[in-house]
Each structure stands twice: as C-alpha cells, then as structure tokens.
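A short worksheet on the structure shown next.
The values are calculated or read from the model by the stated rules, or taken from the named source; none is laboratory data. Because the structure is predicted, anything quoted here is derived from the model rather than measured. Here the Cβ positions follow ideal geometry from the backbone for every residue, glycine too, while neighbour counts run over all protein chains shown.
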C-alpha cells in the first residue's frame, strides 16, 4: 500500500514509523525519517498522520498521546480501522474532540458526493442495502463497517438496534470473520442491511436505496435510478470517476480530511463519530452473541449518552 501511496507521487511522506524491518527499509528507500515509536509520528510536521496498519492493536496510552498531539497541532489523525478498536476498553479516549478518522470513507469521494446529491432528488428512502468489500490487507472489516454506516447515516441517522452474523471460512470456525452481515433498525420503522467483507480480491462498494421514488443504485461509482414503474430515470454504463481502486480512494479521502481540518469543507461532528463507533461496536457484539444489540445500550456503556 505504501508503494501505491508514495511511488506515484500521490502523497509526499514526511516520516514513516513501525516495528517491522520492512517499514524501516521502506523509509530508507524513500529517503524519509523513520520512527519505531508511533507517538513520535504524531509530532512530525505534516498535513496529516495516518495509522496505516489496520490490524495493529494500539495501547491506550500510545493512542491517547497521538490524539493529544494531533489535537494540539490541529492536524487530522487518520486510520484504516476505527479507533479505539474497543470502545468498551478505551472509553476515556472518546472524551477527546479529535478522534481518529477512518479513511477512506465514501462520503469523502467524488462518487460518494454525487450519490448523496442524486439522493436529494430521490427523496427519503424507506430501506437501503450497502456492501463494502475488499482484500484484508487494505482495510479491516471494522473499517468497512464504519464506511457503510457512515454513508447510511446520511439518510437514516443512527440505528436503535442491530442484528448481525459473522461469516468465517468453511471448516475454520475459530478463524476471524471474513464477512459481517447486519440488519439495522431505525426509530422511524425504516431498516437497512449492511455487509462488510475482506475475503474478495477487489475493492468494491455497492449502495442501493429503495423508496417511493423507486430504486437508486450506485455500483463502484455508476449511478442507476429506476422509477416505481421500472422506467429508467438515470443510468450510467460507465463511471465518470475511476472508482474501485483502494489506493486512489485512500488518497482522495486523506486530501478531503485535510481540507475539512482547514475549514474548507464541512466535516463529521465528534458526536456523530462516537455514534458510528457505538454502532460498529454493537454490530461486532451482535455477531459474537448471535442476538440483536441496542446501540443506545452501547452508548450508555461508554458513558456518552
């Protein structure tokens, strides 16, 4: 992933950190500073700090230090997986006003903004289905969950309850889930299905909205709107944007977050981020217990009702 970010001059690295020898070698190849302590990265003079390992479990004190420095420097702290990874264990970090922002998120991208604009004419959807999938090496399954629920919140807000199932490779019941399927129920009676997966070989995102205006669909950036009678209102055979490539989405999302931090664009409120973290935690909890879980109960559990 680092090759894709930096070799094409999409982004200019100021410093790289990590414990693996390969990371040190990558820093030497790029001719940039190397830090073995991630806290030092937060002090580097740069436009943004990215926690690039989706599987890394960060100690609470390390993450707290990075959050504090990003807050002091008024710099985006970005991550490929929602952090704190467990809001039950790291509730004290949620009092910060500078929580790490998961990237990429569809609302940060041009196709995502086009879908949101198109949905304005579509009016209020009554149901939705969102899928976000791709290789595990690119993003954690929780990062894809966050992306899906972040987009869903544009039209539905925060769910009251979620009912989820975790899918694991056949014959490997003790392995990590490669797919999570969730049904979200909302206070006004609407509902949506969300699927996040890491077992496929290509980054992909599919969004379908259903309502009185018919069906509005976005598959890898291509819009398709069919009216209630099945008549085609809008159809794109090809995308007007190069969608479906993870690295390009990541670069665009990072640049959007830098503009948001600079005040050039509106961003997500801290309360909205906590709502999304609570929703994702409720989904993973439901996938473990096999029972529906209350998002409000998770919020109360972390003391931020």
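Looking at region 235-275, which of its residues are at pLDDT below 90, surrounded by fewer than 14 Cβ atoms within 10 Å (Cβ to Cβ) and more than 29 Å from residue 140 (Cβ to Cβ)?
Those that are at pLDDT below 90, surrounded by fewer than 14 Cβ atoms within 10 Å (Cβ to Cβ) and more than 29 Å from residue 140 (Cβ to Cβ): 235, 237, 238, 240.
Cβ-Cβ under 6 Å, sequence separation 6+ or interchain: first residue in region 244-268 and free of Cβ contacts under 8 Å to residues at least 24 places away in the same chain, partner assigned to a loop (DSSP other than H, G, I, E, B) and surrounded by fewer than 20 Cβ atoms within 10 Å (Cβ to Cβ). Which pairs?
So the pair list comes out as 259/265.
If you check every pair at least six apart or on different chains, which have Cβ atoms under 6 Å apart with a residue in region 110-132 that is not assigned by TED's automatic domain parsing to the domain that holds residue 248 first and a residue that is assigned to a helix (DSSP H, G or I) second?
Going by the 6 Å Cβ cut-off, there are no qualifying pairs.
Report, by residue number, each residue of region 147-178 that is in a helix (DSSP H, G or I), within 20 Å of residue 135 (Cα to Cα) and free of Cβ contacts under 8 Å to residues at least 60 places away in the same chain.
Scanning region 147-178 gives 147, 148.
Criterion first (within 16 Å of residue 247 (Cβ to Cβ) and under 14 Å from the mean Cα position of the chain (by Cα)) does residue 139 satisfy it? Before you say what the answer is, go through the steps one by one.
On the way: within 16 Å of residue 247 (Cβ to Cβ): yes; under 14 Å from the mean Cα position of the chain (by Cα): yes.
Against the criterion (within 16 Å of residue 247 (Cβ to Cβ) and under 14 Å from the mean Cα position of the chain (by Cα)), residue 139 qualifies.
Can you find a residue in region 287-294 that is surrounded by 13 or more Cβ atoms within 10 Å (Cβ to Cβ) and at pLDDT below 95? Reasoning before the result, please.
Let us first name the residues in region 287-294 that are surrounded by 13 or more Cβ atoms within 10 Å (Cβ to Cβ), namely 287, 292-294.
Of the ones still in play, those that are also at pLDDT below 95 are none.
No: zero hits.
Only one of these is touching a strand residue (DSSP E or B) at 6+ places or on another chain (Cβ under 6 Å), outside the structural domain of residue 52 (by TED's automatic domain parsing) and surrounded by fewer than 21 Cβ atoms within 10 Å (Cβ to Cβ): 167, 162, 194. Name it.
On the way: 162 fails: surrounded by fewer than 21 Cβ atoms within 10 Å (Cβ to Cβ); 194 fails: surrounded by fewer than 21 Cβ atoms within 10 Å (Cβ to Cβ).
Only one candidate qualifies: 167.
Just to check your reading of the model, which residue among 167, 194 is out of contact with any helix residue (DSSP H, G or I) (no Cβ under 7 Å at 6 or more places or on another chain), closer than 18 Å to residue 290 by Cα and modelled with pLDDT of 85 or more? Outline the logic, then answer.
On the way: 194 fails: out of contact with any helix residue (DSSP H, G or I) (no Cβ under 7 Å at 6 or more places or on another chain).
Among 167, 194, only 167 is out of contact with any helix residue (DSSP H, G or I) (no Cβ under 7 Å at 6 or more places or on another chain), closer than 18 Å to residue 290 by Cα and modelled with pLDDT of 85 or more.
Restricting to region 50-77, name every residue that is modelled with pLDDT of 90 or more and in contact with a helix residue (DSSP H, G or I) (Cβ under 6 Å, 6 or more places away or on another chain).
Selection gives 76, 77.
Would you check if residue 275 is in contact (Cβ under 8 Å) with a residue 12 or more places away in the chain, outside any helix (DSSP H, G or I) and within 22 Å of residue 129 (Cβ to Cβ)?
no
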